[in-house]
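The values are calculated or read from the model by the stated rules, or taken from the named source; none is laboratory data. Given the structure is predicted, the values throughout are model-derived calculations rather than measurements. All Cβ positions, even for glycine, are placed from backbone atoms using ideal geometry, and neighbour counts span all protein chains on display.
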Amino acid sequence: MNYRQIIRENDLEITKFLDYLRTERPGYVIEGHCPSLVDLDLAKFLYLGIDGDHTEHSLEEVRQRIENGMFFEIQGKMLKRDVLDYICENNLYEYCGFVTDDTMADSLYEKGELNDVVQQAINMGFPIEYAIYCATYTPSHRMRFFDRGVIAPGKLADFQLLKDPKVLHPEYVFKNGIQIYSRLETNAEPLVHAFPQDFYNSVMLPPLTPEDFEIRTEIESGEVTVRVLEILPDRTQTREKRITMPVQNHRIRWQDSGCLLAMVLERHGKNGNIGYGFITGSCLQTGTCATTWFHDHHNLFVAGDNPDDMLLAVTRIRELQGGILTARDGQILAELPLPICGILSERSLAETAAGLKSVRESLEELGYRHNNPIMSLGTLGLPVSPALKLTDVGLVDVKKGCIVPLIV
């Protein structure tokens, strides 16, 4: 994931591991993540042996990856007409595969997962046979699973039966030659699993007061220019925006700036850090949201237009011992408890999907405009995804790989 650092001279443990694989385990499949890398930087990344990428790209970035021998993995947000046409027109089916990433529980329950991605590609004109081929055969061979891919003697009998190949709703599913699903038999027994008790006590915060939801400066009065995360409507990558805000009594007065206050609270009981920032763009226009499902450190993120509601949201997250929720005017609007390590639910898929859907709809009612608002929210602290992200130690300039101050 740390794709910009490993292509520089470094002493990282992951680089030592890649060196070990190249010399001692050549041929191992190494999957990667390199949004926006091109030209020499991409060549350096590939030289390390990382030759698979599943992230979002422009057509030129896709072209460079395939031309340089990289296996390109197409998730739902990469179902773009120009990309699919490029693959079909150049018969590049051996160099790509359909995958899923970050499928939300409500979408999984209502639409399915990989079958939905493939169905969308078919609906966009991708040939049916090649769509299924790129969702089954090429990914299997990419991962060196040479014991499957054909129904033949000596091969693994993993397959499904469709009534109509144009509609990817299986009638039967077989694993190792054994039927594990039938559309006619839907009464599966629920699985029950007990986690260690400390998994249920992962939100460990110091006492908080309203003063913690203020940003103080050395300047008594005047103006400051701050870095702001601008959220885009069609991607999880952000842009850095700089906005001038007034200062009064050493406090930044951000309420009329068109921005929301954002905070990341270290919640694993390590140091009690709080990172401060601002968000704008295709995010909430009013109200508050909070979550402990927050890639990849999963600290507690909260953002809103009212510090009192933000404190309410954090207090409720602590009571739930993890979750994702929205609030406004002193009330919790929607919530999904995630009590296992702050990231997992013990509810059924149907119940989890319903809870997450209520949160997503609430985010949208509060003004969040994004093709996947839950994922957008959950990656605002992902410090390996461009360009500016917020963590408990402050703002991270992802391209430079360093912490940058809030006030410019």
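Quick one: count up the residues across the range 1-24 that are assigned to a helix (DSSP H, G or I) and under 23 Å from Gly381 (Cβ atoms).
Of the residues in the range 1-24, 6 are assigned to a helix (DSSP H, G or I) and under 23 Å from Gly381 (Cβ atoms).
Kindly list the number of the only condition in (1) under 16 Å from Phe71 (Cβ atoms); (2) of a type in the set (D, E, K, R); (3) surrounded by 15 or more Cβ atoms within 10 Å (Cβ to Cβ) that fails for Glu94.
In the conditions (1) under 16 Å from Phe71 (Cβ atoms); (2) of a type in the set (D, E, K, R); (3) surrounded by 15 or more Cβ atoms within 10 Å (Cβ to Cβ), Glu94 misses (3) alone.
Looking at (1) modelled with pLDDT of 90 or more; (2) under 26 Å from Leu59 (Cβ atoms), which is the only condition Asp102 fails?
Here Asp102 clears every test but (1).
So, Trp293, is that one farther than 24 Å from Lys357 by Cβ and buried (at least 16 other Cβ atoms within 10 Å of the Cβ) or not?
no
Enumerate the pairs (first residue in the range 14-40 and free of Cβ contacts under 8 Å to residues at least 24 places away in the same chain; second residue anywhere and among the β-branched types (Val, Ile, Thr)) with beta-carbon separation below 6 Å, excluding pairs fewer than 6 apart on the same chain, so at least 6 apart or on different chains.
If the second residue must be among the β-branched types (Val, Ile, Thr), the pairs left are Ile30/Ile50.
So Ser140 fits all but one of (1) in contact with a helix residue (DSSP H, G or I) (Cβ under 9 Å, 6 or more places away or on another chain); (2) closer than 15 Å to Phe98 by Cβ; (3) of a type outside the set (Val, Ile, Thr); what number is the exception?
Failed condition: (1).
I'd like to know if the range 179-196 contains one or more residues that are modelled with pLDDT under 95, under 27 Å from Gly381 (Cα atoms) and of a type in the set (D, E, K, R).
No, the conditions are met nowhere in the range 179-196.
Suppose we filter the range 238-270 for residues that are farther than 21 Å from Leu388 by Cβ, free of Cβ contacts under 8 Å to residues at least 40 places away in the same chain and not basic (Lys, Arg); how many remain? Let's see the steps before the verdict.
Here is the first cut: in the range 238-270, the residues farther than 21 Å from Leu388 by Cβ are 246-251, 253, 255-256, 267-270.
After this cut, where a residue has to be free of Cβ contacts under 8 Å to residues at least 40 places away in the same chain as well, the list is 246-251, 253, 256, 270.
Adding the requirement that they be not basic (Lys, Arg) leaves 246-250, 256.
The qualifying residues number 6.
Quick one: in the range 188-240, of everything that is among the hydroxyl-bearing types (Ser, Thr, Tyr) and either exposed (fewer than 13 other Cβ atoms within 10 Å of the Cβ) or touching a helix residue (DSSP H, G or I) at 6+ places or on another chain (Cβ under 7 Å) (or both), which residue is nearest to His33 (Cα to Cα)?
Thr236
Can you pull out the residues in the range 208-217 that are outside any loop (DSSP other than H, G, I, E, B) and among the hydrophobic types (A, V, I, L, M, F, W, C)? Give the steps one after another, and end with the answer.
Residues of the range 208-217 that are outside any loop (DSSP other than H, G, I, E, B), as a first pass: 210-213, 216.
Once the filter is applied, which keeps residues that are outside any loop (DSSP other than H, G, I, E, B) and among the hydrophobic types (A, V, I, L, M, F, W, C), the range 208-217 yields only Phe213.
Among the residues of the range 100-114, count how many are part of a loop (DSSP other than H, G, I, E, B) and free of Cβ contacts under 8 Å to residues at least 60 places away in the same chain.
5
Check Val62 against each of (1) in a loop (DSSP other than H, G, I, E, B); (2) within 30 Å of Pro127 (Cα to Cα); (3) in contact with a helix residue (DSSP H, G or I) (Cβ under 6 Å, 6 or more places away or on another chain) and name the one condition it does not meet.
Failed condition: (1).
Which residues, counting only those in the range 115-144, are charged (D, E, K, R) and part of a helix (DSSP H, G or I)?
Once the filter is applied, which keeps residues that are charged (D, E, K, R) and part of a helix (DSSP H, G or I), the range 115-144 yields Asp116, Glu129, Arg142.
Suppose we keep only residues that are in a strand (DSSP E or B) and either in contact (Cβ under 8 Å) with a residue 24 or more places away in the chain or basic (Lys, Arg) (or both) within the range 399-408. Which one would you say is farthest from Asp234 (Cα to Cα)? Steps first, answer last, please.
Step one: filter the range 399-408 for residues in a strand (DSSP E or B), giving 402-404, 407.
Those left that are additionally either in contact (Cβ under 8 Å) with a residue 24 or more places away in the chain or basic (Lys, Arg) (or both): 404, 407.
Details: Val404: 25, Ile407: 28 Å.
Checked the range 399-408; the qualifying residue farthest from Asp234 (Cα to Cα) is Ile407.
Taking the range 310-350, which residues are modelled with pLDDT under 95 and farther than 21 Å from Arg267 by Cα?
Residues satisfying the conditions are Arg347, Ser348, Leu349, Ala350.
Name the strands (runs of 3 or more DSSP E) wholly within the range 290-398 that hold at least 1 residues that are closer than 19 Å to Asp106 by Cα and of a type in the set (Val, Ile, Thr)?
Correct list: 323-328.
For Asp39, indicate whether it is modelled with pLDDT of 95 or more and either within 22 Å of Tyr133 (Cα to Cα) or surrounded by 18 or more Cβ atoms within 10 Å (Cβ to Cβ) (or both).
In short, no.
Among the residues of the range 218-251, what is the count of those that are farther than 20 Å from Leu300 by Cβ, under 31 Å from the mean Cα position of the chain (by Cα) and assigned to a strand (DSSP E or B)?
12
Got a sec? Which of Leu325, Leu349, Leu344, Leu320 is in the same structural domain as Leu300 (by TED's automatic domain parsing) and surrounded by 22 or more Cβ atoms within 10 Å (Cβ to Cβ)? First the steps, then the outcome.
Working: Leu349 fails: surrounded by 22 or more Cβ atoms within 10 Å (Cβ to Cβ); Leu344 fails: surrounded by 22 or more Cβ atoms within 10 Å (Cβ to Cβ); Leu320 fails: surrounded by 22 or more Cβ atoms within 10 Å (Cβ to Cβ).
Answer to the selection: Leu325.
Out of curiosity, is Gly272 in a loop (DSSP other than H, G, I, E, B) and in contact with an Asp or Glu (Cβ under 9 Å, 6 or more places away or on another chain)? I'd like the intermediate steps shown before the answer.
Numbers: in a loop (DSSP other than H, G, I, E, B): yes; in contact with an Asp or Glu (Cβ under 9 Å, 6 or more places away or on another chain): yes.
Judged against the criteria, Gly272 is a match.
Look at the range 65-82 and say how many of its residues are surrounded by 19 or more Cβ atoms within 10 Å (Cβ to Cβ) and part of a helix (DSSP H, G or I).
3
Evaluate the range 363-372: report whether one residue or more is of a type in the set (A, V, I, L, M), touching a helix residue (DSSP H, G or I) at 6+ places or on another chain (Cβ under 8 Å) and surrounded by fewer than 22 Cβ atoms within 10 Å (Cβ to Cβ).
Scanning the range 363-372 turns up no residue that is of a type in the set (A, V, I, L, M), touching a helix residue (DSSP H, G or I) at 6+ places or on another chain (Cβ under 8 Å) and surrounded by fewer than 22 Cβ atoms within 10 Å (Cβ to Cβ).
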